[in-house]
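Structure first, then comments.
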Amino acid sequence: MLNYRFPEYHWMSPPNETKFWYEEGRISSLSKSFFDNRTEEMEHLWNSQKLYVDKIYNTPFLNLKIKPDTDKIIEELLSVLDYIKFNDNRNKFKTSYRDWYHIGLYDVFDYALDSSINYKKISNNGDYISYNYEGKPIYKFTECGKMCPTLMDFIFSLTDEPGRIAFKAMREKGGRLKWHSHLNNNNKSPLEKYHEFPVHIPLITNDQVEFRVAKTTSLDAKDVNDYWSHKYKCGEVFCFNSGRLHTAFNNGNNLRWHVFFYVNFLGHENKIKFQETINEYSSITGF
């Protein structure tokens, strides 16, 4: 099976990808039309805001002027870890990246395991994913997500249409991600236009956790020879440029736990507080 991205998880899905999933029987003709129409709408938004998009693309990190109730959110994380017996079942929550762990909180699937791994194993997504009358996938709170009201209230005060929300951990003592870009899906698909970024809130971290964003615009890791880097403290809310090549690592002695969710920055949502916050950002790198 080709490594096509899943249309339920992305605001822009090239037509050859939705055609593939439709022919595989994973999405209905109604959903295919919904995804194709939404991609066309997003491309129009992208083209109409090209200067804004370029500004965001040339910014490695965005530090958002937002303060969550970090103590309560950490309490929710610890309750979830206890509920799922994470320490006893740690390998169940591995992602496709060997050093990452994923606990789903808000997703098109209703289980806490990493849905991106299981997506390709399902013969008929319609048996597991609900769609509305337009063919739009319906996101839902997982059992673990229902245990995190403070976190969910905070995220939905910023945007009414976040992407997947999860607690994500990185392995201690050398955990790392290879250099990669979220625009590069390695399958000859048309290159997706940069329109969303991952938002992180560190909850449990250490001074050996670091993020890096490559200065090159190339999507070939061999071309990385310089980068921006930053270390974030507990409770800081930040986005980083996932369109460029980026990496992260944890050389500390404890797991690194972050809140992680996606936000479309083109202003498609009805609630625009997040966009207003972005417009007032102060970049740590002087852009």
Task: Given (i) 9; (ii) 57; (iii) 19, the label whose value is percent of Cα pairs over 37 Å apart derived from this model - done: (i)
Open item on the list: For Cα pairs less than 8 Å apart in space and 6+ apart in sequence, what is the mean separation divided by the residue count of the chain, i.e. the relative contact order in percent?
Closed with: 25 percent
Task: Cα Rg, Dmax (largest Cα-Cα span) when computed across the range 44-168, Å - done: 17.0, 50
TODO: Give a quick list of chymotrypsin sites (Phe, Trp or Tyr not before Pro) in the range 133-240 that DSSP marks as loop, anything other than H, G, I, E or B, with at most 13 other Cβ atoms within 10 Å.
DONE: Tyr133
Task: Exposed-loop-free span, longest in the chain, where GluC sites (Glu not before Pro) count as exposed if DSSP calls them loop and at most 13 other C-beta atoms lie within 10 Å - done: 135-279
Open item on the list: With +1 on the Cβ of every Lys and Arg and -1 on the Cβ of every Asp and Glu, and nothing else charged, how large is the dipole of the chain about its Cα centre, in debye rounded to the nearest 20?
Closed with: 840 debye
TODO: Two decimals is fine: what's Rg over Rh for the range 22-116, C-alpha atoms, Kirkwood radius as Rh?
DONE: 1.09
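Readers should treat all values here as calculations from the given coordinates under stated rules, not as data from a laboratory. What you are looking at is a predicted structure, and each value in this text was computed from that prediction instead of being measured. Note: ideal-geometry Cβ built from the backbone for every residue, glycine included; neighbour counts use all protein chains shown.
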